[in-house]
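K.L.:
One structure, as structure tokens, below. Some questions next.
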Amino acid sequence: ETHLAHQAMRALRTAYESEREFVEHVDGVLRPAGYRLVGAFVSDREQAVAVAGVRVGDSLAWGHYLYVDDLSTAPDARRRGHAGVLLDWLAQEGRRLGCGQLHLDSGTGPERFDAHRLYHNHGLAIYSHHFAHGL
């Protein structure tokens, strides 16, 4: 049912305009590596209104953790609490899986300020900078 996440995810991951390519990448590449996709649904709509892509990991820095790779809400469903419900569920799921921490990275531009407010309101805090270099 991966296709049900496409509309909401496309708001964040714009490179996946094609539903078919999105489904093939999630099911063929990400899921085999431990990626899980969860969604928030409303009764009058088949597609998810918000989705989260997550994976469990282990590291020396964080121990056993749940990492949120993707958290996205369809533009017409924003500001209705759907992403917050997903974050609360993810925290519960992380505890159920024995994870000691929940992590996510977020872009820093002004267009992300609403997302940052959401994260802070759900108990997440900024603990580090994330550095990257194109190869």
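The values are calculated or read from the model by the stated rules, or taken from the named source; none is laboratory data. Keep in mind that what you see is a predicted model, and the values were worked out from it rather than measured. All Cβ positions, even for glycine, are placed from backbone atoms using ideal geometry, and neighbour counts span all protein chains on display. We work out accessible area using only protein heavy atoms, side chains counted, and drop any ligands, DNA or RNA first. Shrake-Rupley method; radii C 1.70, N 1.55, O 1.52, S 1.80 Å.
K.L.:
Which trypsin sites (Lys or Arg not before Pro) in segment 79-135 pass both tests, a DSSP loop state and at most 16 other beta-carbon atoms within 10 Å?
P.N.:
Working: sites: Arg79, Arg80, Arg95, Arg96, Arg112, Arg117; in loops: Arg79, Arg80.
In loop regions of segment 79-135 (DSSP not H, G, I, E or B), the sparsely surrounded trypsin sites (Lys or Arg not before Pro) are Arg79, Arg80.
K.L.:
Where a ≥ b ≥ c are the square roots of the eigenvalues of the C-alpha gyration tensor, would you call segment 2-123 rounded, which needs a/c under 1.5, or, failing that, prolate if a/b is larger than b/c, or oblate?
P.N.:
Values: a/c = 1.56, a/b = 1.19, b/c = 1.31.
Oblate.
K.L.:
For the pair Ser128 and Ala33, how long in nm is the line joining their label points, each one 7 Å along Cα→Cβ?
P.N.:
Result: 1.8 nm between the two label points.
K.L.:
Would you tally the net charge around Gly123, using a Cβ to Cβ cut-off of less than 14 Å, leaving Gly123 out, and scoring K and R as +1, D and E as -1? Walk me through the numbers on the way to the answer.
P.N.:
Values: positive: Arg95, Arg117; negative: Asp88.
Computed value for this residue: +1.
K.L.:
Within a Cβ distance under 14 Å of Val23, other residues only, what is the Lys/Arg minus Asp/Glu net charge?
P.N.:
Working: positive: Arg10, Arg13, Arg20, Arg31; negative: Glu1, Glu17, Glu19, Glu21, Glu24, Asp27.
With Lys, Arg at +1 and Asp, Glu at -1, the net is -2.
K.L.:
Excluding ligands and nucleic acids, what accessible area in Å² is computed for Glu19 using a 1.4 Å probe, to the nearest 10?
P.N.:
The value for Glu19 is about 80 Å².
K.L.:
I would also like to ask the following. Keeping all protein chains in position, work out how much accessible area Val38 exposes to a 1.4 Å probe, and write it in Å² to the nearest 10.
P.N.:
For Val38, the solvent-accessible surface is approximately 30 Å².
K.L.:
Also, quick follow-up: Give me the distance between the Cα centres of segment 108-135 and segment 44-63, rounded to whole Å.
P.N.:
Going from one Cα centre to the other spans 16 Å.
K.L.:
Sort Thr14, Thr108, Thr73 by accessible area with a 1.4 Å probe, largest first.
P.N.:
Details: Thr14 100, Thr108 120, Thr73 20 Å².
Reading off the accessible areas and sorting them downward yields Thr108, Thr14, Thr73.
K.L.:
When all protein chains stay in place, what accessible area (Å², nearest 10, 1.4 Å probe) is found for His120?
P.N.:
Roughly 100 Å² of His120 is accessible to a 1.4 Å probe.
K.L.:
Could I ask something else about it? With a 1.4 Å probe and all protein chains left in place, how much of the accessible area of the chain comes from carbon and sulfur atoms, in whole percent?
P.N.:
Details: 4530 of 8780 Å².
Using a 1.4 Å probe with all protein chains present, the chain comes out at 52 percent carbon and sulfur.
K.L.:
Nearest 500 deg cm²/dmol is fine: what mean residue ellipticity at 222 nm does the chain get from its DSSP H runs of n ≥ 4 alone, each adding -39,500 (n - 2.57), divided by its residue count? Could you put the intermediate results ahead of the total?
P.N.:
On the way: 4 runs with 36 residues, N = 135.
So the calculated ellipticity at 222 nm is -7500 deg cm²/dmol.
K.L.:
Show Tyr16, Tyr35 ordered by accessible area, largest first, where the area counts protein heavy atoms only and the probe is 1.4 Å. List each step's numbers first, then the result.
P.N.:
Numbers: Tyr16 75, Tyr35 15 Å².
Result of the area sort, largest leading: Tyr16, Tyr35.
K.L.:
Rank these residues by their accessible area, most exposed first, probe 1.4 Å: Asp27, Asp58, Asp44, Asp70. Before the final figure, lay out the partial values.
P.N.:
On the way: Asp27 65, Asp58 110, Asp44 135, Asp70 20 Å².
The residues order as Asp44, Asp58, Asp27, Asp70, largest area first.
K.L.:
Apply the Karplus curve 6.51 cos²θ - 1.76 cosθ + 1.60, θ = phi - 60°, to the phi angles in segment 118-134 and return the couplings in whole Hz, x for Gly and Pro.
P.N.:
Rounded to whole hertz, the list is 4, 4, 4, 5, 10, x, 7, 9, 8, 10, 7, 9, 9, 10, 8, 9, x.
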